[in-house]
Amino acid sequence: MLEGKIGQFLRERKLILSTSESCTGGLVSSRLIDVAGSSDYITLNFVTYANEAKERILGVSHETLIKHGAVSEECIIEMAFGTLKAAQADVALCTSGVAGPGASENKPAGTLWIAVAIGENVYTRKVVLSSDIPRIEMKKLFADEALEFLWECLTN
C-alpha cells in the first residue's frame with residue numbers, strides 16, 4: 001500500500017507532512033491517516049475548497065486567483081508554500097482541480113494540478129483525465145495521482 005510506504009519514509013526521516021486539498025476534499029488526507037501511527041508524521045491538514053480559504057488560510061494571493069484561477073500552477077505553488085508555513089511542516093502535498101461534471105474556470109473536468117513542496121523546493125504536475133469519469137471516481141483517481149506524485153518526489 002502506497003500510503004504505508006509514504007508513512008514509513010516520513011517516519012524514518014522524522015519529517016512532518018501536511019496536505020491542502022481542494023478538488024479531492026480531504027480524500028488524500030483520509031487515505032494517509034488510515035495508516036496506523038500516522039500521527040507520527042501528520043499533524044495538520046487542510047481542505048481549502050473555496051478561494052477565500054486558499055487566501056485566508058494558505059496565503060494564496062487574490063491576484064493569483066483572479067489572473068490564473070484556483071486550478072493553475074501558480075495557485076498550487078502558492079498553496080504548497082502556504083501549507084508548509086501554516087502547518088510548520090517539512091513536506092506539503094496539495095491538490096486543486098475540476099472533478100466535474102462540467103468545466104470550471106474554463107478548465108475541463110478531469111484537470112488536476114498537484115504540488116509537493118519539500119523545504120524550499122516545489123514540484124508540480126498537471127494531470128488531465130477524461131471528462132467522462134463520474135465525480136466520485138474522479139476524486140479517487142485524483143487522490144491516486146497525488147499520492148503517486150508525492151512518492152515520486154520523496155524518493156527521487
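What follows draws every value from the coordinates through simple rules; no lab data is involved. Note that the structure is a prediction, hence the values are computed from the model and not measured. Ideal geometry is used to build each Cβ from the backbone, glycine not excepted, and the neighbour counts take in all protein chains shown.
Data table
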{"read-out": "Ranking of PHE46, PHE142, PHE149, PHE9 by count of other Cβ atoms within 10 Å, fewest first", "value": "PHE9, PHE149, PHE46, PHE142"}
{"read-out": "Max mean-square fluctuation residue, GNM over the chain, Cα-Cα springs under 10 Å, options VAL91, VAL60, VAL35", "value": "VAL35"}
{"read-out": "Rounded to the nearest 20 debye, dipole of region 1-75 from Cβ charges on Lys, Arg, Asp, Glu", "value": "220 debye"}
{"read-out": "Computed helical MRE - 222 nm, the chain, DSSP H runs ≥ 4 contributing -39500 (n - 2.57), nearest 500", "value": "-14000 deg cm²/dmol"}
{"read-out": "HIS68-ARG135 pseudo-label distance in nm [points 7 Å out on the Cα-to-Cβ vector]", "value": "2.7 nm"}
{"read-out": "Gaussian network model of the chain, springs between alpha carbon atoms under 10 Å - residue of ILE136, ILE77, ILE118 with greatest fluctuation", "value": "ILE136"}
{"read-out": "Sites LYS5 and SER104 - FRET efficiency at Förster radius 41 Å, r taken between beta-carbons, to 0.05", "value": "0.80"}
{"read-out": "The chain, Rg to Rh (Cα coordinates; Rh as Kirkwood inverse mean 1/r)", "value": "0.95"}
{"read-out": "Entries of LYS107/LYS140; LYS14/LYS107; LYS5/LYS67; LYS14/LYS67 with Cα pairs more than 29 Å apart", "value": "LYS14/LYS107; LYS5/LYS67; LYS14/LYS67"}
{"read-out": "DSSP-defined beta bridges in region 2-155 - what % are antiparallel, rounded to 5", "value": "65 percent"}
{"read-out": "Spherically averaged projected area in nm², based on the convex hull that wraps the Cα atoms of region 1-72", "value": "5.2 nm²"}
